[in-house]
Amino acid sequence: MRISRFLVVSALLALVPLPAQEALNPPSPFVPAAAQKRSAASGVVTLAAAQRAQELGFPSVAAVLYRELWESGSVDPTTAMLGLTTALIDEGRFTEAEKMLNEHTGPRDSAWNLRAGLVAMAQKQLGPARTALMGVRGADLMPEDRSWWHYLQAIVSEAGGDSSYARTEFGRAEDSAVSAQAKARFQIKRAQAQLKSGVATEAMAEAQRRSWQEYQGRKVGYEMARTYATTLDALGRTEEAITLLQREISTLPAAERAELDDMRLLLGLIAGAQAGAGRAALEQLLDRGSDLEKQRIALHLLARASAREPQRSAFRAQLDRLVEASPVHPALEDLLLFRAEVALSTKTLDGYSQAEEDARTLLARFPGSPLKPHAYGVLTQSAWEQRRYRSAADNASKARAELSDGAVRGSLGVLVAEAWYRARDFRAAADAYAAALREVPAGVSPGELMFQRVQAEIEADAPEPAARVLDEMAADPAFDPVNRWQAEWNLARALQVRGQTAAAFARVQALLSGPLATRTEVPPELRARMAWLQAKLASESGQADQALQLVDRLAGELEDAPASLRSEIASSAGLLRAQALFALKREREALEELKRVRADFPRSDAAVYSYFDEADYYARQDNAVEAQQLLTKLAEDFPEHPYAPMALLQAALQAERRGQDSNLVEANRLIEDLVRRYPNSELVFAARLRQGDLLRRLNQYPQAQRAYEDLVNKYSQREDVALAQLALAQCHNAQSATQPAHAESALVLFEHVRDRVDAPLDARVEAGYNLGRLLARLGRTGQAEAAWWRDVVHPFLLDATFAEQLGEKGRYWMTRTLLELGGLFESQEKLEQAKEAWSLILRTRLPGENLARSRLARYGIGDAK
C-alpha cells in the first residue's frame with residue numbers, strides 16, 4: 001500500500017536491494033564515517049528501489065529498504081518513515097506501523113494523518129480513523145497521495161454505512177490515480193474493501209440463493225451469483241463461494257465475455273492468487289479477458305502473489321507465452337514491463353539481458369506509450385547495477401526528458417550526475433551536478449551536491465575552476481560547513497598532488513584571514529578545520545617552525561567549535577606538533593608529545609595514530625624491538641579499531657626485520673593472529689602472502705605451499721592473485737630440487753603467471769625468468785632459450801610499449817634473464833648470440849651494466865652502443 005512518490009519512474013526501482021556502490025570519494029578528516037559512505041544518488045536509488053518493490057507487491061523487500069534509508073539518514077527521515085509505515089501496513093504488521101507513526105518527532109501534517117488513518121482502518125478502529133481523516137487537507141497532499149485520501153474516505157464511509165458516498169470516493173480514487181498501474185491497484189483495493197464491507201446474515205444468503213436460482217442464465221442471475229458468493233465469503237463459507245463461482249464460469253456461454261471477466265476476477269479475489277482456483281481464474285482473465293482494465297488488475301494480483309517460487313516461475317512462464325502470443329495481447333506494454341522487472345530481480349547476466357530487450361521492445365513498438373519512462377528506467381537500473389555508468393546516465397537522462405514533475409526530475413538529475421561521475425567523465429559530471437542544483441529534490445542535501453560539483457571539477461584536472469566554483473558557492477547558506485570542508489580539503493590535496501602546496505597554503509590563509517574571509521562568513525566549525533589544515537600544509541611543505549606556531553594558535557580557533565569536533569581536532573593537532581618536532585630533530589619532545597596525546601585523548605583515533613608514528617620513529621632508528629612492542633600494544637588496546645589488523649601486520653614485519661629464526665616464528669604467529677581475529681580484513685591477502693615467504697625462509701616449504709594455495713583458491717578473482725600464484729610456483733620450484741614431482745607444477749604455474757595479461761608486468765617478467773631457469777636446470781635448453789628470448793625479452797623489452805611500463809623489479813628480472821640467456825648461449829658456444837644478449841643490457845640501460853661489461857670484456861668488447 002505504498003503511496004509512491006516516484007511512481008512515474010517505477011522502472012528505476014528494484015525488487016531486491018541494489019548492489020552496493022563504492023564510496024564516491026576518499027574520506028576526509030573530521031567527517032563522520034557514516035556521512036562519507038553514501039552518496040546522494042545512493043539514497044535516491046535505494047528510495048526508488050523501495051517504492052518499486054511496494055508498487056509491484058513486494059512489501060517485505062520494501063520494508064527492508066525503507067528501514068535502511070531511515071536508519072542511515074541518506075534521505076529525508078520523514079519520507080523514509082512514511083514509506084516504511086505503508087510497507088508495514090501492506091505486510092499486515094500494523095502494530096509496527098503504528099509504533100513508527102507514534103515515534104515520529106516531525107510534524108504530524110496531512111501526510112502523517114493520512115497514514116495514521118490507513119493504519120487505524122486496517123485495525124478496524126473507525127473512530128481514530130475519522131479523527132485522522134479530519135487532519136488531512138487534500139490541497140496539502142502530493143498528487144499520488146490524493147488518490148489514497150479518496151480511498152481512505154471511501155473505506156471510512158463504507159464502514160460507517162454510507163455506501164453511496166463510499167462508491168463516489170472509490171471512483172475518485174481511481175480517477176485521480178497518476179497512472180494506469182496506480183489505477184489498477186486502486187481497483188484492487190476497492191474490490192477487496194467491498195468484499196469485507198457490510199453485514200452478512202444467513203437469512204440474506206438464503207434470499208440471495210433463491211434469487212440466483214430463479215434468474216439463472218440471465219444477466220440479473222449472473223449479478224445475483226456474484227452477490228451470493230460475496231455473502232458466503234463474508235459468512236466464512238468461502239469454499240461454497242468458490243464452488244459457486246467455478247460452476248458459473250463453467251456454464252457461462254463464451255459470448256458472455258464481460259460476465260466471465262467479472263466472475264474470474266471475483267473468484268481470484270475470494271480464493272486468492274497464490275494457487276488453486278483463484279490463481280487459475282486470474283491467469284484465465286489475463287490470458288483471454290475482454291476488459292483491459294480487469295486484465296491489468298489480474299496482472300497486478302498475480303505479480304503480488306509471485307514473489308517466491310514456484311509461483312514466480314509460473315508467472316514468468318505465463319508472461320513469456322503472452323508476450324509471444326499471436327495476435328498481439330492487448331496488454332502487451334504492461335506484460336513487457338512486468339517481465340522486465342521479473343528478469344531484473346534475478347540479478348543475473350541473462351536477467352539483465354532479458355530486461356533490456358523487453359524495455360527496448362516496448363520503446364520500439366510503442367513510441368507514444370505512457371510507459372516510456374518505465375522502459376528507460378529499466379535500462380537505467382540494469383546499467384547501474386552492472387556498473388555500466390555511461391549507459392545509466394544516458395537512459396536516466398531520457399527518462400528525465402519524458403517527465404515534467406519537478407521532484408522526479410530532480411531525483412533523476414542527481415542520478416545522472418553521479419552516474420557520469422562514476423563513469424569518470426568528470427566534465428559531464430560537473431555540468432550535470434550544476435543542473436541538479438537547479439532542481440534539488442526533497443531529502444537530498446544541496447550542500448552534498450555542491451561538494452560533488454567542486455569534486456567533479458577537481459577530478460577533471462581543473463583545480464583552478466574548482467576553486468572559482470567553490471568561492472562562488474561559499475556565500476550560499478545551503479553549502480553546509482561539513483560539505484564545504486570536504487571540498488576545501490580535497491582541493492588542497494589536489495593542489496598538493498600537482499606540486500602546488502604553496503598555493504594550497506595561500507588559499508587556506510586567505511580563507512582564514514584574507515580576502516575570502518571578508519567576502520563570506522566562515523562558520524566556527526569550518527574555521528577550526530581550516531586552521532588545522534593550515535598547520536598540516538605547513539608541516540607537509542617542510543615549514544616545521546611555522547607548523548608549530550600554527551598548532552599553538554589552533555586553541556583559539558577551537559573555542560566556538562562543537563565539543564566533539566574540538567576534541568577531535570585538538571588530538572590530531574598533537575600529532576602535527578610531534579611530526580614538526582621530529583622534523584626539527586627534537587625527538588625527545590616529539591615522543592613526549594605522542595605520549596601526551598595518548599594520555600589526554602586515550603580512545604581517540606589520534607591516540608591510535610600516535611602508536612604508528614612512534615613505532616615508525618623507532619624503526620628508522622633500527623630499534624625493531626621497540627617498534628614491534630608498540631604495534632602489538634596498539635592491537636591489544638584497540639582490538640576493534642579498523643587499524644588493528646594493520647598494527648599486527650606491521651608488528652610481524654618488525655619481528656621479521658630482527659632476522660633470527662625465533663623472530664620469524666614470532667612474525668608467523670602475529671600473522672596467524674591477524675587472520676584469526678580479522679578474517680574479513682583487506683590485509684589478510686597481503687599477510688598470508690608474507691606468511692608464505694616467512695615459512696620459506698624457515699625451510700617449511702609444505703606449510704608455505706598450503707598458505708599460497710589457500711590464497712590462490714580463496715582470492716581467485718583478485719587482480720593481484722598472480723603474486724600468490726608466482727610465490728606458489730617458486731615454492732614448488734624450491735621443493736623440486738629434492739622432490740622432482742614438484743617441477744611440473746612449478747613449470748605450469750610460472751607459465752600461467754607469465755601469460756596472464758591482467759598480472760603485474762614485473763611479475764610476468766619474474767615468472768618468465770624463473771620458467772627459463774627451471775627448464776635449463778631440467779636440461780631442456782632449447783625450451784629455456786625460447787622461454788627467455790621469445791616469451792620474455794622480445795615481448796617485454798623489445799616492444800617499446802611494454803618496456804616503458806617495466807618497474808624497478810621488472811628491470812632487475814629482465815637483467816637476470818639476459819645474463820642467464822647469454823650464459824646459456826656461451827655454454828653452447830653460440831658466442832655472437834651471447835654477446836647480443838649482454839649488449840642489450842647496455843643498450844636498454846638496464847641495471848647490471850658492470851656485469852654485462854665484464855662478460856663482454858672477456859671477448860675484447862668495450863661499451864656497446
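For a quick check of your reading of the filter: which GluC sites (Glu not before Pro) in the range 550-625 sit in a DSSP loop and have no more than 10 other Cβ atoms within 10 Å? It would help to have the intermediate numbers written out before the result.
Working: sites: 557, 559, 568, 587, 589, 592, 593, 614; in loops: 559.
When the GluC sites (Glu not before Pro) of the range 550-625 are filtered for loop state and at most 10 Cβ neighbours within 10 Å, 559 remain.
Could you work out what % of the accessible surface of the range 400-501 is carbon and sulfur, using a 1.4 angstrom probe and leaving DNA, RNA and ligands out of the count?
After summing per-atom areas, the C and S share lands at 48 percent.
What accessible area per residue, rounded to a whole number of Å², is obtained for the chain using a probe radius of 1.4 Å?
Accessible area per residue: 44 Å².
Identify the residues of the range 224-255 with backbone N under 12 Å of a label point that sits 7 angstrom from the Cα of residue 206 along the Cα-to-Cβ direction, or state none.
none
On a 0 to 90 degree scale, rounded to 10, what angle separates helix 587-600 from the longest Cα axis of the chain?
20 degrees
Of all accessible surface on the range 217-305 at a 1.4 Å probe, what whole percent is carbon and sulfur?
Answer for the range 217-305: carbon and sulfur cover 49 percent of the accessible area.
So what does the Cα-only Debye profile of the range 256-370 read at q = 0.16, 0.17, 0.19 Å⁻¹, as log10 I(q)/I(0), no solvent term?
With one equal scatterer per Cα and no solvent, log10 I(q)/I(0) is -0.73, -0.81, -0.99.
By the scheme Lys and Arg +1, Asp and Glu -1, what is the net charge of all other residues having a beta-carbon under 9 Å from that of residue 229? Present the calculation step by step, with values, prior to reporting the outcome.
Details: positive: 226; negative: 233, 240, 248.
Here the count lands on -2.
Given 121, 60, 157, which one lies farthest toward the positive end of the charge dipole of the range 47-157, if we put +1 on the Cβ of every Lys and Arg and -1 on the Cβ of every Asp and Glu?
Going by the charge dipole, the pick is 157.
HN-Hα J couplings of the range 479-488 from phi, Karplus 6.51/-1.76/1.60, θ = phi - 60°, integer Hz, Gly and Pro as x?
7, 5, x, 5, 5, 5, 4, 4, 5, 5
What ³J(HN,Hα) values, in whole Hz, does the Karplus curve 6.51 cos²θ - 1.76 cosθ + 1.60 give for the range 565-573 when θ = phi - 60°, with x put for Gly and Pro?
Each residue's phi maps through the Karplus curve to give 5, 4, 5, 5, 6, 4, 5, 5, 5 Hz.
Using Cα pairs closer than 8 Å and at least 6 residues apart in sequence, work out the relative contact order for the range 767-812, in percent.
Details: 25 pairs, mean separation 12.8, N = 46.
Value for the range 767-812: 28 percent.
Compute the distribution of all C-alpha to C-alpha distances in the range 620-692, in bins of 10 Å from 0, and list the percent of pairs in each, rounded to whole numbers.
23, 55, 21, 1
Roughly how compact is the range 388-547, stated as its Cα Rg over 2.2 N^0.38 Å to two decimals?
Against the compact-globule rule of thumb, the ratio is 1.14.
Straight-line reach from residue 595: which lysines fall under 19 Å, measuring Cα to Cα and dropping same-chain residues less than 8 apart?
585, 633
Spelling out what I want: for every residue of the range 706-723, take phi, set θ = phi - 60°, compute 6.51 cos²θ - 1.76 cosθ + 1.60 (Karplus), and round to whole Hz; glycine and proline get x.
5, 4, 5, 4, 4, 5, 4, 6, 7, 10, 5, 8, 6, 5, 8, 4, 4, 5
Counting Lys and Arg as +1 and Asp and Glu as -1, each charge on the Cβ, what is the dipole of the chain about the Cα centre in debye, to the nearest 20?
So the dipole magnitude of the chain works out to roughly 760 debye.
Taking Cα atoms, how many degrees apart are the long axis of helix 163-175 and the longest axis of the chain, rounded to 10 and kept between 0 and 90?
Roughly 40 degrees between the two axes.
Could you tell me which residue out of 221, 581, 726 lies farthest along the dipole of the chain toward its positive end? Charges go on the beta carbon: Lys and Arg +1, Asp and Glu -1, centred on the Cα centre.
726
Near residue 825, within a Cβ-to-Cβ distance under 13 Å, what is the net charge of the other residues, with Lys and Arg +1 and Asp and Glu -1?
Net charge in that neighbourhood comes out at -3.
Please compute the length gained on full extension between residue 124 and residue 328, using 0.36 nm multiplied by the number of residues separating them and subtracting their Cα-Cα distance.
Working: separation 204, 0.36 × 204 = 73.44 nm, distance 4.43 nm.
Length gained, residue 124 through residue 328: 69.0 nm.
Give, as a single signed number, the net charge of other residues whose beta carbon lies under 13 Å from the beta carbon of residue 607, with Lys and Arg counted +1 and Asp and Glu -1.
Neighbour charge sum, excluding residue 607 itself: -2.
Where q = 0.08, 0.09, 0.10 Å⁻¹, what log10 of I(q)/I(0) comes from the Debye formula for the chain, counting one point per Cα?
Cα-only, vacuum Debye calculation for the chain: -0.95, -1.08, -1.19.
Can you give me the Cα centroid spacing of the range 796-865 and the range 617-679 in angstrom?
Distance between centres, Cα-based: 41 Å.
Please grab the % of Cα pairs in the range 466-515 that end up more than 12 Å from each other.
65 percent
How far apart, in nm, are two points set 7 Å out from the Cα along the Cα-to-Cβ line at residue 91 and at residue 350?
My value for the distance between the label points is 3.0 nm.
Could you tell me which of 664, 619, 543 has its Cα farthest along the dipole of the range 542-670 towards the positive end, charges placed at Cβ (Lys, Arg +1; Asp, Glu -1), taken about the Cα centre?
Selected residue: 664.
Suppose the chain between residue 633 and residue 137 were pulled fully straight at 0.36 nm per residue; how much longer would it get relative to their current alpha carbon spacing?
So the extension gain works out to 172.2 nm.
Might you report the magnitude of the Cβ-based charge dipole of the range 260-317 about its Cα centre, with Lys and Arg at +1 and Asp and Glu at -1, to the nearest 20 debye? Intermediate values should be presented prior to the final figure.
Details: 9 positive and 7 negative charges, 54 e Å.
So the magnitude is around 260 debye.
Could you work out the pair-distance distribution P(r) of the range 394-477 from its alpha-carbon pairs, with 10 angstrom bin width and percents rounded to whole numbers?
Values per bin, smallest distances first: 20, 50, 26, 4.
What translational D, rounded to a whole number of µm²/s, comes out for the range 534-583 from Stokes-Einstein when the hydrodynamic radius is the Kirkwood one over Cα pairs, at 25 °C and 0.890 mPa s?
The estimated diffusion coefficient comes to 227 µm²/s.
If one takes the longest principal axis of the Cα atoms in the chain, at what angle in degrees, from 0 to 90 and to the nearest 10, does the Cα axis of helix 389-401 lie?
Approximately 30 degrees, to the nearest 10.
For a bin width of 5 Å, list the pair-distance distribution of the range 722-820 built from all Cα-Cα distances, rounded to whole %.
2, 15, 26, 26, 18, 8, 3, 1, 0
How many percent of the accessible area of the range 555-709 is carbon or sulfur, using a 1.4 Å probe?
Ligands and nucleic acids excluded, carbon and sulfur give 45 percent.
Would you work out the charge dipole size for the range 723-865 about its Cα centre, treating the Cβ of every Lys and Arg as +1 and the Cβ of every Asp and Glu as -1, and quote it to the nearest 20 debye? Display every interim value, and only then the final one.
Numbers: 18 positive and 18 negative charges, 69 e Å.
The calculated dipole for the range 723-865 is roughly 340 debye.
Any idea what % of Cα-Cα pairs in the range 586-667 are farther than 19 Å? All intermediate terms of the calculation are to be shown ahead of the outcome.
Details: 1169 of 3321 pairs.
Of all Cα-Cα distances in the range 586-667, 35 percent exceed 19 Å.
The values are calculated or read from the model by the stated rules, or taken from the named source; none is laboratory data. Because the structure is predicted, anything quoted here is derived from the model rather than measured. Note that each Cβ is placed from the backbone with ideal geometry, even for glycine, and that neighbours are counted across all protein chains shown. The protein model used for the area step is the full one, side chains on, heavy atoms only, and it has no ligands, DNA or RNA in it. Shrake-Rupley method; radii C 1.70, N 1.55, O 1.52, S 1.80 Å.
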